[in-house]
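A short write-up of the structure that comes next.
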Ligand code: UN1
């Protein structure tokens, strides 16, 4: 069963690649040949087996990608935005045609369940459709001028080529949040995917540019697989890229922000979350249980939006934790390609080590293990990276609570008064996503108020993970302040220009200043 699902998935995704063995990881408007390039081997976290290999960018390839981006940016910016939007829509439709295979590729490459792999592709399709609509709505404001016969108006121009650096956990969706929105604005994206997920990036890049080329457009979705130290650092320092979008850890994000700022470039950061769900005694408990389980366990706790802290009112604490622990014991952990499995592997060995270290540290600090806590051996998949979903009873002053561990570890805390719940909730350096479960309008509104949750995303009676693309996505504090995806996040990819036109015959000056030369 296990082996056959994996073999079946591997056979299906093979159709997404031109070659079954070595794929080029660099697209500069043409796929750069692999000869003489370093090669990276791709391992599936499901069974530790090799699923492909990818050639990485050489120094000369970097320059070719940048040059291609410059040419494309020129041509693409001259195409009307609604025409660009139509092209992005066609890319979305193509992704939909390949949704099943692409989703399986995501599952094979990063270990998502089949449903989550498909969801990842759906997220790209959704943002593509959103971007197409947006392409007719890149509105600039018109302001009344204080001067006679003057027009004052803002317009939004493309930035040109931009860099997008993504993480393994959303190996294509987060790229599309950036790339599709940037494309309708008129930018060209140079994508550096995670070294743990280049195959998904290659497959998506191929499909997207083939669609553009069939419509007679230039390639605007360029790809640069390579390691962080060479390719990543060059992107950060490259003055030809006015914007670098980065998704990843807080510590790397700090480095990205500093480097990009030192050349006065802009960075768009989507860094760690350390998200909490508050469960009030007035919650719909069943709803809370399901949402907390999804938030903590989906993608094996490897989302920026994963629920890591659970803050429960003391009068229902014991009952809620008992029910949650029971729920955890029923959750299937193992091969994510199998139907009854909800928790797949972690991405690699280092992630398993990080999980084990965090649990040991939490226990040293006084945490009490309620369930899980160990690596999990799946007999048929000895090479996979599986761990047990874990709940640890904690105290709010334990230092480990300040830290994000990308694994299914949930720290349970209790509170007595509502204000205390909010204080515990806000007591971490990160500020991405938050949730409250309550049927009490006052509590819900207090959580939504300025003095409530300090995060970029706030949810009432739905969990911290699983945001829709229509809203702006991102967080405060150490999460980095960036906003991507929906709403008016498109403005980050554009150059705002304030235009003032005098259509009169006199030259009145602003603020009534006089400068009479004669
Ligand atoms: C991430 O983990 O970087 O809200 C993005 C969610 C997904 C996106 C997560 N739609 O969980």
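The values are calculated or read from the model by the stated rules, or taken from the named source; none is laboratory data. Being a predicted model, the structure only gives us computed values, none of them experimental. Neighbour counts are summed over all protein chains in view; Cβ atoms, including those assigned to glycine, are modelled from backbone coordinates with ideal geometry.
Assorted remarks:
Per-residue answers, yes or no, for (1) more than 16 Å from the ligand (Cβ to nearest atom); (2) assigned to a helix (DSSP H, G or I); (3) under 25 Å from residue 427 (Cβ atoms); (4) modelled with pLDDT of 95 or more:
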residue: 447; (1), (2), (3), (4): yes, yes, yes, yes
residue: 453; (1), (2), (3), (4): no, no, yes, yes
residue: 481; (1), (2), (3), (4): no, no, yes, yes
residue: 496; (1), (2), (3), (4): yes, no, no, yes
residue: 516; (1), (2), (3), (4): yes, no, no, no
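- For the range 427-445, taking the residues that are assigned to a loop (DSSP other than H, G, I, E, B) and touching a strand residue (DSSP E or B) at 6+ places or on another chain (Cβ under 9 Å), the one that is surrounded by the most Cβ atoms within 10 Å (Cβ to Cβ) is identified as 432.
- The range 425-445: number of residues that are in contact with a helix residue (DSSP H, G or I) (Cβ under 7 Å, 6 or more places away or on another chain) and more than 16 Å from the ligand (Cβ to nearest atom): 6
- Flag for residue 334 being away from the ligand (no atom under 16 Å from the Cβ) and at positive phi: yes
- Residue within the range 282-300 that is within 14 Å of the ligand (Cβ to nearest atom), assigned to a strand (DSSP E or B), on the phi < 0 side of the Ramachandran plot and crowded, with 22+ Cβ neighbours inside 10 Å present: no
- Enumeration of residues in the range 223-250 that are away from the ligand (no atom under 16 Å from the Cβ) and part of a helix (DSSP H, G or I): 228, 229, 230, 231, 232, 233, 234, 235, 236, 237
- Verdict on residue 458 being touching a strand residue (DSSP E or B) at 6+ places or on another chain (Cβ under 8 Å), in the same structural domain as residue 288 (by TED's automatic domain parsing), away from the ligand (no atom under 11 Å from the Cβ) and farther than 21 Å from residue 414 by Cβ: yes
- Members of the range 67-85 found to be out of contact with any strand residue (DSSP E or B) (no Cβ under 7 Å at 6 or more places or on another chain) and assigned to a helix (DSSP H, G or I), listed by number: 67, 71, 74, 75, 81, 82, 83, 84, 85
- The criterion of at least 1 residues that are within 16 Å of the ligand (Cβ to nearest atom) is met by the following strands (runs of 3 or more DSSP E) wholly inside the range 141-203: 161-165, 188-192.
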